[in-house]
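Report on one structure; see the data block that follows.
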Amino acid sequence: MALSMLNELLIEDPNPPMLLYQISKTAELDTLNYQSCFMQGVFAHFPEILFIHRTYNPVGKVLYTFLVDGPRVQLEGHLARAVYFAIPAKEDAEGLAQMFQVFKKFNPAWERVCTILVDPHFLPLPTLTMEFPAAEVLLSAFHICKFLQGKFYQLSLEQPVERVLLTSLQSTMCSATAGNLRKLYTLLSSCIPPAQLPELHSHWLLNDRIWLAHRWRSRAESSRYFQGLEVTTRVLSQFFGTTPCVEQGMTLLLRYMQQNSGDMASSSLGLSPQNNHAPLDVSPESPRVEQLVEARIQHSLNAICTGPAAQLCLGELAVVQKSVHLIGSGSEKVNIQILEDTHRVQPQPPASCSCYFNQAFHLPCRHILALLSARHQVLQPDMLPAQWTAGCAASLDDILGSKWSETLDKHLAVALLTEEVSQLLQHCSQEEFERRYSTLRELADSWIGPYEQVQL
């Protein structure tokens, strides 16, 4: 059925794309190569720098997405820079060689590829070098940034240290000068325990050849570049990375591209930089699919939770619906970022999150609901404690009253105040910072002791 859906896409497209696939003996999709006429035209215009991103799905298949990169590329829209999709039979030398050879057969401009950007875990470099002998293979700035972000979360650092590292990383990626990269390298050396420092491969920050391929961008251009790739990789993950059925995942992805082909075609291949400021629509779902997912989550909340508990959780869901949520998967935990608030979600039942709402009420918070929405899943009874299941609480007062404590109330007040003060200190001038810090120093000394005993 899924393969017939793929073939229907060819019929529906007024300019049929190139779609090649092979079926295994068990009637499952073995390999796939896809390129629309628009994608082929984009690559023919901008073949110099090729960016390769890999997306794994739950059954272990991997989708290779080829995107164009470089100073001349000024295309808007999700996946507008994508020029080729491929699923190899295996990620070995033979499977990847076959994939690259099919790509070259349908794209004569491959001979003009000068640079190929890959992720740090890209192992088949010899195969890539053999198939593109004239191209230089480099690590991409985007993938290094995502790699370091993931390592910061995995190391379970103290929250202030983690926040400083993430902020410094973001700032450095938007202005990747040799001096800024050296400062970040020094910061990592001082903040990360020596035994764990090799895991971060911080020497990449000192490899100037990597950053020359990215340094030409201004701070604003770098910010838009990273934001665009973040949205693109999120689209790929939501359609292909969360669907066990490979054929269904590709069908959803290609149908999404067809539905947005008007936006891609409307951005001419010679877009000027000043036209590149349009706000990005970060929702990869069509309104109908998104509304259906949200309705199913609401139904599961109403069916499983008590009325008051569902009321609290629906308030959290309302925040999710109006915000951007970026999801990065780790080995055991999932990192959820909604706007500026980052928290760790433990998806295994009973689901938990590091945010205050979940810690106080033990109910599914906006971060857990964002994860369910992204995976097209619904709330399950084993994801919340028994006392909040239907029929166990009489009113909202029961929930609030049973979970409120003076300690939690103080904790919330202090946490909010600390965050507000932190933001003010980060965004003020050096002179203002010193004045405000001096005030805090005096308060700390008067409350809890002299400087020698208490470090702010």
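The values are calculated or read from the model by the stated rules, or taken from the named source; none is laboratory data. What you are looking at is a predicted structure, and each value in this text was computed from that prediction instead of being measured. Because the Cβ atoms are built from the backbone with ideal geometry, glycine has one as well, and the counts that use them run over all protein chains shown. Heads up: the accessible areas ignore ligands, DNA and RNA and are worked out on the full protein's heavy atoms, side chains in. Shrake-Rupley method; radii C 1.70, N 1.55, O 1.52, S 1.80 Å.
Looking at Gln170, Gln149, Gln159, can you tell me which residue is farther than 19 Å from Ile52 by Cβ, in contact with a strand residue (DSSP E or B) (Cβ under 8 Å, 6 or more places away or on another chain) and of a type in the set (S, T, N, Q)? Among Gln170, Gln149, Gln159, only Gln149 is farther than 19 Å from Ile52 by Cβ, in contact with a strand residue (DSSP E or B) (Cβ under 8 Å, 6 or more places away or on another chain) and of a type in the set (S, T, N, Q). For Leu6, indicate whether it is in a helix (DSSP H, G or I), open to solvent by less than 40 Å² (accessible area, probe 1.4 Å) and modelled with pLDDT under 65. Yes. Could you tell me which residue of region 50-89 is surrounded by the fewest Cβ atoms within 10 Å (Cβ to Cβ), considering only residues that are farther than 22 Å from Thr242 by Cβ and among the basic types (Lys, Arg)? Checking each candidate, the answer is Arg72.
Annotation: of all residues in region 362-382 being in contact with a Phe, Trp or Tyr (Cβ under 8 Å, 6 or more places away or on another chain) and open to solvent by 10 Å² or more (accessible area, probe 1.4 Å), the one that is nearest to Ile297 (Cα to Cα) is Arg366. The residue pairs whose first member lies in region 190-218 and is among the hydroxyl-bearing types (Ser, Thr, Tyr), whose second member is open to solvent by less than 60 Å² (accessible area, probe 1.4 Å), and whose beta carbons are closer than 6 Å, counting only pairs six or more residues apart or on different chains, are Ser202/Leu188.
To keep it simple, each residue is scored yes or no on (1) surrounded by fewer than 21 Cβ atoms within 10 Å (Cβ to Cβ); (2) modelled with pLDDT under 80; (3) under 19 Å from Ile144 (Cβ atoms).
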site: Ser218; (1), (2), (3): yes, no, no
site: Ser223; (1), (2), (3): yes, no, yes
site: Gly241; (1), (2), (3): no, no, no
site: Val246; (1), (2), (3): no, no, no
site: Met250; (1), (2), (3): no, no, no
site: Leu254; (1), (2), (3): no, no, no
site: Asn260; (1), (2), (3): yes, yes, no
site: Ala278; (1), (2), (3): yes, yes, no
site: Ser283; (1), (2), (3): yes, yes, no
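Any residue at all in region 114-124 that is part of a helix (DSSP H, G or I) and either surrounded by fewer than 18 Cβ atoms within 10 Å (Cβ to Cβ) or among the small types (Gly, Ala, Ser) (or both)? No, every residue in region 114-124 fails to be part of a helix (DSSP H, G or I) and either surrounded by fewer than 18 Cβ atoms within 10 Å (Cβ to Cβ) or among the small types (Gly, Ala, Ser) (or both). Whether any residue in region 163-170 is at pLDDT below 95 and open to solvent by less than 20 Å² (accessible area, probe 1.4 Å) is what I want to check. The answer is yes, given that some residue of region 163-170 is at pLDDT below 95 and open to solvent by less than 20 Å² (accessible area, probe 1.4 Å).
Meeting the requirement of 3 or more residues that are closer than 22 Å to Trp216 by Cα, the strands (runs of 3 or more DSSP E) wholly within region 21-93 are 49-56, 62-69. For region 225-239, filtering for residues that are among the aliphatic types (A, V, I, L, M) and either loosely packed, with under 15 Cβ neighbours inside 10 Å or in contact with a strand residue (DSSP E or B) (Cβ under 7 Å, 6 or more places away or on another chain) (or both) leaves 1.
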